[in-house]
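Undergrad: This is the structure I have questions about; it appears just below.
Read-outs throughout are calculated quantities, based only on the coordinates presented, and are distinct from any laboratory measurement. No experiment lies behind these values; they were computed from the predicted model shown. Here the Cβ positions follow ideal geometry from the backbone for every residue, glycine too, while neighbour counts run over all protein chains shown.
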Amino acid sequence: VGGVDADPVARREELRRVRAEAAAAFVGMPELEMLDLSGSDVTDAAMEHVGRCSRRLRTLVLADCRNVTDRGVMHLRGSESLLKLVMSHCNALTNHAADSIASIRFLC
C-alpha cells in the first residue's frame, strides 16, 4: 500500500480498497471468530457473504464502514454465534438495522 512519500489521502483510500477486497477472502473461513473491517469499503454484498459463510463469527467490527446500509446488516440477523457487532460511525445505517439484529448481545 503506497510508499512513504505517498499522499496520505490516497494511501487511506488504497487501504480501504485493500481491506474490502481482503474481506471476501476472510468470510470463506468457516472457523473465523473475529473480523475487523473498520474503515473499509465493504458493501452490503460482502455482508451477505459474512452472514451466510461465517457461522462461527463471534465479533464483527464495521466501524466507519460508509457503504454498509440497513440491507447489509440485515444479512447478519440469522447469525446465532455473533455476540458483538460494532457499527459506530456507519452513517448509512438507521435504527432499522439495530432492530433487525436486536438479539446480538453487544451492539456498539
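Undergrad: Using label points projected 7 Å from each Cα along Cα→Cβ, tell me how many nm separate Ser88 and Ser100, to one decimal.
TA: Going by the 7 Å Cα→Cβ label model, 2.4 nm.
Undergrad: In nm, to one decimal, how far is the modelled label at Met29 from the one at Asp44, with both set 7 Å along Cα→Cβ?
TA: According to this spin-label approximation, the distance is 2.8 nm.
Undergrad: A further question on this structure: Size of segment 31-108 along its principal axes in angstrom, Cα-based, largest extent first?
TA: Principal extents (Cα only, largest first): 29, 23, 19 Å.
Undergrad: Calculate one ³J(HN,Hα) per residue across segment 65-76 by plugging θ = phi - 60° into the Karplus curve 6.51 cos²θ - 1.76 cosθ + 1.60, and present them in order as whole Hz with x for glycine and proline.
TA: 8, 6, 9, 8, 10, 3, 4, x, 5, 4, 5, 8
Undergrad: Separate question: Within segment 42-79, which residues have the backbone N less than 16 Å from the label spot 7 Å out from Glu13 along Cα→beta-carbon, could you tell me?
TA: Label zone hits: 42, 66-67.
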